[in-house]
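The values are calculated or read from the model by the stated rules, or taken from the named source; none is laboratory data. The shown structure was predicted, so the numbers you read here are calculated from the model rather than taken from an experiment. Neighbour counts run over all protein chains shown; Cβ positions are idealised from the backbone, glycine included.
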Amino acid sequence: MCCITTPLPLEIPEGEDTVPFNLPLDELVVKRLAKVYLSPESPKTDISLRVKDSFGIDFVGDRDETRQTDIQHNLQIIKEINPKLLEHVKRIILYTSEVDVHRLGLALPGDTIALFTTDYYILVHELAHVMYAHAPAEFHERQAMLFDGFYGKNLSQVEVKDGVTIFPTTWLDGSIDPRQGFVEPYGANNANENVATYVARAHNLYFWNHPAIELGRGYIPMLFLLKNFDFITQIQFDDIVNLMRDKYTRKNRH
Ligand SMILES: [Zn+2]
């Protein structure tokens, strides 16, 4: 669940025409990801062609039918909930299930997503990163007004595994609960992850029942901002706010 924020090294290993989808994500693989991203000849299946037709997205990588169908199905649900999330993404690369890269997904330059799982929420998370890359300056200014000064605080240590930097996923005390207006500690790493974690959580109404999420704790201004810039829909916003209000009413009745 993350993004490469620095530009990919774009030099491509000599003499390699085929791209393996089952390698660990080290520096070489980052180069190979770049190669995939640049490669015009990617394997096509019926499902990948349908994804191209339905969503305008190049869908390449793992040819496993079940996993490809999962992605197609998830894209259909996302299109029904919030088609704006699909507006900018150009390419999805699905890696084979054996890949262990210490990551679940990556948003790459060129409006490309690399997936190491078919999980619905990971896809939403990475789509939010792509949308974030296209957000206007006003969005960034408003988000900064809400959160600047709060990023990178009280988080567990940054880890480096196999040369890959892993952002903290827990608070310093080991908790993963929502806190200080962040839906999860991972979102407190930076503005981009804050948006992606929020957007993914907005697709799970049940999450907003969490006891740590209350009115007046800074969640509604961020949801309002995300709604105003189409990261989430009016319906998602209303459902979440109504749930929070109901929870508040129930709590104060007893
Ligand atoms: Zn991310």
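All of (1) surrounded by fewer than 22 Cβ atoms within 10 Å (Cβ to Cβ); (2) in a loop (DSSP other than H, G, I, E, B) hold for Ile78 with one exception: (2).
Could you tell me whether Leu223 is free of Cβ contacts under 8 Å to residues at least 60 places away in the same chain, at negative phi and surrounded by fewer than 15 Cβ atoms within 10 Å (Cβ to Cβ)? It is false that Leu223 is free of Cβ contacts under 8 Å to residues at least 60 places away in the same chain, at negative phi and surrounded by fewer than 15 Cβ atoms within 10 Å (Cβ to Cβ). Mind listing just one residue for me: the one in the stretch 186-212 that is under 18 Å from Trp171 (Cα atoms) and touching a Lys or Arg at 6+ places or on another chain (Cβ under 8 Å) and, of those, farthest from the ligand (Cβ to nearest atom)? Among those that are under 18 Å from Trp171 (Cα atoms) and touching a Lys or Arg at 6+ places or on another chain (Cβ under 8 Å), it is Ala212. Could you say whether any residue in the stretch 75-88 is within 16 Å of the ligand (Cβ to nearest atom), outside the structural domain of Leu123 (by TED's automatic domain parsing) and either farther than 30 Å from Glu184 by Cα or modelled with pLDDT of 50 or more (or both)? Scanning the stretch 75-88, I find no residue that is within 16 Å of the ligand (Cβ to nearest atom), outside the structural domain of Leu123 (by TED's automatic domain parsing) and either farther than 30 Å from Glu184 by Cα or modelled with pLDDT of 50 or more (or both), so the answer is no.
Look at Gln143 and say whether it is of a type in the set (S, T, N, Q), surrounded by 13 or more Cβ atoms within 10 Å (Cβ to Cβ) and within 16 Å of the ligand (Cβ to nearest atom). Give the steps one after another, and end with the answer.
Numbers: of a type in the set (S, T, N, Q): yes; surrounded by 13 or more Cβ atoms within 10 Å (Cβ to Cβ): yes; within 16 Å of the ligand (Cβ to nearest atom): yes.
So Gln143 passes the test.
Among the residues of this structure, Ile232 counts as one that is touching a residue at least 40 places away in the same chain (Cβ under 8 Å), more than 14 Å from Leu146 (Cβ to Cβ) and not aromatic (Phe, Trp, Tyr).
In the stretch 133-140, the condition of being more than 15 Å from the ligand (Cβ to nearest atom), among the acidic types (Asp, Glu) and at pLDDT below 95 is met by no residue. Within the group Asn154, Asn209, Asn192, which residue is in contact with a Cys (Cβ under 8 Å, 6 or more places away or on another chain), outside the structural domain of Asp111 (by TED's automatic domain parsing) and in contact (Cβ under 8 Å) with a residue 12 or more places away in the chain? None of the other options fit; the residue is Asn192. The set of residues in the stretch 118-145 being under 26 Å from Gly174 (Cβ atoms) and either among the aromatic types (Phe, Trp, Tyr) or not assigned by TED's automatic domain parsing to the domain that holds His88 (or both) consists of Tyr121 alone.
Take the residues in the stretch 170-187 that are without any contact (Cβ under 8 Å) to a residue 24 or more places away in the chain and either surrounded by 15 or more Cβ atoms within 10 Å (Cβ to Cβ) or not assigned by TED's automatic domain parsing to the domain that holds Ile213 (or both); name whichever of them is farthest from His125 (Cα to Cα).
Narrowing the stretch 170-187 to residues without any contact (Cβ under 8 Å) to a residue 24 or more places away in the chain: 170-176, 184, 187.
Filter once more, keeping what is either surrounded by 15 or more Cβ atoms within 10 Å (Cβ to Cβ) or not assigned by TED's automatic domain parsing to the domain that holds Ile213 (or both): 170-171, 184, 187.
Details: Thr170: 18, Trp171: 20, Glu184: 13, Gly187: 11 Å.
Checked the stretch 170-187; the qualifying residue farthest from His125 (Cα to Cα) is Trp171.
Checking the stated criteria, Asp53 turns out not to satisfy the condition of being modelled with pLDDT under 90 and either of a type in the set (Phe, Trp, Tyr) or more than 30 Å from Asn228 (Cβ to Cβ) (or both).
Would you say Asn190 is over 22 Å from Tyr121 (Cβ atoms), of a type outside the set (Val, Ile, Thr) and surrounded by 14 or more Cβ atoms within 10 Å (Cβ to Cβ)?
Working: over 22 Å from Tyr121 (Cβ atoms): no; of a type outside the set (Val, Ile, Thr): yes; surrounded by 14 or more Cβ atoms within 10 Å (Cβ to Cβ): yes.
No; evaluated as a whole, the condition is false for this residue.
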